[in-house]
Each structure stands twice: as structure tokens, then as C-alpha cells.
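Okay, structure first, notes after.
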Amino acid sequence: MTSNFAYTVILLGAPGSGKGTQAKSIAEQYDLFHFSTGDMLREEISSNSEIGVQVKKIIDMGKFPSDDLILDIVHKKLFELKKSTQGVVFDGFPRTLTQALELEKMFEHGDLPSPLVFLVDVSAGDIITRIMGRYTCVTCGTVYHDQYVKPRVSGVCDSCGSSQFMRRSDDTEEIIRQRLDVYNQQTKPLIDFYSSKGVLNRLDGSKPVAEVTSAIFKIIEGNSSISVAR
Ligand code: AP5
């Protein structure tokens, strides 16, 4: 199976580092699909599906659902996307070595083009502040922050005009600390994994959103393996 995809971007980073915020900008700028496994799991939860009921308990403990479940969701979605998009920006996938190795098989088999990987690096202290202040538009999913990323008109979403917002059930201080532990144990090893392959780009994620975005765009546009078509 040869891919129709032209680009693969992977965003690595701790919970709350800003992966979702940056993935949205990359997807809009380069016309890629914003592939967030977290959003896909939350859709399962909202639909009250059998999988949704199972994963809600796991996510609300700050833990990861099984690799089999995640990989099943990822394979199905990629198959569906093949006809409709020129590439994907992975946000929160892979996050275990098993998931990364499975993704490697897709690169080796030509199902996906080789990736450009970004690590959004932020200190643990900043992460807690960012997650505790996060809220999301119920209608379109745009992410805001009480202090750092406010809508232009207070209480009105910039993207869709909705005035309904929500906070995630896993964004409590206790669960964040658990999520950080799981990140350190299971996801952090991927930094060395991609670094040893020479595809990792480290970003100072403590900078304001626009500065991080512009650093990413600069790297994408300077990368000869990605021909930028907008
Ligand atoms: P997921 O939804 O992916 O959560 P996460 O990785 O914990 O990351 P977050 O969404 O919390 O943060 P983010 O890095 O996207 O930051 P954001 O841009 O929102 O996954 C949730 C759960 O699902 C996981 O815990 C796990 O259980 C499960 N899961 C998902 N994928 C899985 C997988 N592949 N395998 C196993 N389990 C999986 O920014 C955070 C806040 O900071 C926002 O308020 C934002 O406005 C603000 N902000 C962003 N950038 C900046 C900046 N530069 N300066 C100031 N503020 C900023």
C-alpha cells in the first residue's frame, strides 16, 4: 500500500506543553489533518460508546489506555484519511515505544512519509499553570488559557463565536501530576528514540505561542524533505 500522504509531522511534549495549540496552527498553515489521539478518545467518551466508557476511567486516572486500543483507532483513522488529506500532524501520538515502533513500520512500508518531529519543551512548573488555566470551546474545540491565551472578546470564541466553554475532567492538579509521571516513564524515552534517528527538533515551549509557532514554521520551510504547498 503506497501512501497519498506528502507530510508527517509529530509533536512530542509533556501534557499541557502546547502540542494541541501548535498542531492546530501547523494543520491550518500547511493544510494537514490535526491528528489528536486525545481528541479522538474524548469523542468516544462523548458518544458514550463502549470504548468511551472504558477509556474515561483510565484517562481520569491520568493513565494510558492500551497500545492495542490506540493503534486500532490510529489505523482506522489513517485509512479513512488517505483519500482526503495530504498529510497529518500527530498530536499526542506516539506516546509509548510500542506505538513509535508501529509507526516506524508505516514509514518503512511507505504508508506514511518520514516524519519531522518537534519536542515542545516546557518545565513541570509551567505545565501545571498551563493546564490549570486551560479551557476549551465546546463547539469547535479551540483551546484558551485564563491568563496567556484569551479570546479577543471575553467569553466569545474567536474561531466560531460560541459562548460555551468547558474544562477537561482530567485537568485537576492531582491528575496532572499522575499524567506527568506517566509521561516521564512512557513517553520521554521517545525523545532519545527520535533524536538518535536525527529527526528531532527541540523547541523552547516556554516562549509565547506565536514565537513557538514561528520557530516551527521556519524549520518546516527550511526542511528539504517537506515541499511546502499551501
Ligand atoms: P491529550 O489530550 O493528548 O492530552 P496531553 O498529552 O496530556 O496534552 P494536553 O492536551 O493536556 O496538552 P497540550 O500539550 O496539547 O497543550 P495545549 O495546547 O492544550 O490526551 C489526554 C489523555 O488521553 C492522555 O492523558 C491519555 O490518557 C490518553 N491518550 C491520548 N493519546 C494517547 C496515546 N497515543 N496513547 C495512550 N494514551 C493516549 O496547551 C495547554 C494550555 O497552555 C492551554 O490553555 C493553552 O492555551 C496554553 N498554552 C499553549 N501554549 C502556550 C504558550 N506557548 N504560552 C502560554 N500558554 C500556552
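Restricting to Cα pairs below 8 Å that are 6+ residues apart, what does the relative contact order work out to for the chain? Please round to a whole percent.
On the way: 331 pairs, mean separation 71.2, N = 230.
Result for the chain is 31 percent.
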Picking from L12, I51, L81, whose Cα lies most toward the positive end of the charge dipole for segment 1-120 (charges on Cβ: Lys, Arg +1; Asp, Glu -1)? L12
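Given the -39500 (n - 2.57) contribution per DSSP H run of 4+ residues, what per-residue ellipticity at 222 nm results for the chain, rounded to the nearest 500 deg cm²/dmol? Provide the component values of the computation, followed by the final result.
Details: 9 runs with 99 residues, N = 230.
Roughly -13000 deg cm²/dmol at 222 nm, from the helical runs in the chain.
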Taking every Cα atom in the chain, find the radius of gyration and the maximum pairwise distance Dmax, and write them in Å. 17.0, 48
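Let's see if you can work this out: charge +1 on each Lys and Arg Cβ, -1 on each Asp and Glu Cβ, no other charges. What is the dipole magnitude of segment 19-168 about its Cα centre, in debye to the nearest 20? Provide the component values of the computation, followed by the final result.
On the way: 18 positive and 20 negative charges, 108 e Å.
Dipole about the Cα centre, nearest 20: 520 debye.
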Per residue solvent-accessible surface (Å²) - segment 102-230, probe of 1.4 Å: 56 Å²
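How much accessible area per residue does segment 1-93 have, in Å², with a 1.4 Å probe? Before the final figure, lay out each step's value.
On the way: 4230 Å² over 93 residues.
Accessible surface, normalised per residue, equals 45 Å².
Tally up the carbon and sulfur contribution to the accessible surface of segment 1-115 as a whole percent, 1.4 Å probe, everything protein left in place.
Values: 2710 of 5240 Å².
Of all accessible area on segment 1-115, carbon and sulfur atoms account for 52 percent.
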Can you give the local net charge around G38? Use residues other than it whose beta-carbon is closer than 14 angstrom to its beta-carbon, Lys and Arg +1, Asp and Glu -1. +3
Lys, Arg +1 and Asp, Glu -1 on Cβ, resulting dipole of segment 86-142 about Cα centre, debye, nearest 20: 280 debye
Simple Cβ-charge dipole of segment 46-98, Lys/Arg +1 and Asp/Glu -1, about Cα centre, in debye nearest 20: 120 debye
Take D204 and H75, extend 7 Å from each Cα along the Cα→Cβ direction, and tell me the distance between the two endpoints in nm. 4.3 nm
With every protein chain in place, the accessible area of Y30 for a 1.4 Å probe, in Å² rounded to the nearest 10, comes to 10 Å²
In whole angstrom, largest first, the equivalent ellipsoid semi-axes that the Cα gyration tensor gives for segment 123-173 are 21, 12, 7
Could you check which residue among P115, P208, P94 shows the biggest mean-square fluctuation in a GNM of the chain with a 10 Å Cα cutoff? P208
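The values are calculated or read from the model by the stated rules, or taken from the named source; none is laboratory data. Treat the numbers as computed from the prediction; the structure is a model and nothing was measured. Reconstructed Cβ throughout: ideal geometry from the backbone, glycine too, with neighbour counts over all protein chains shown. The area values use the complete protein model at the heavy-atom level, side chains included, leaving out ligands, DNA and RNA. Shrake-Rupley method; radii C 1.70, N 1.55, O 1.52, S 1.80 Å.
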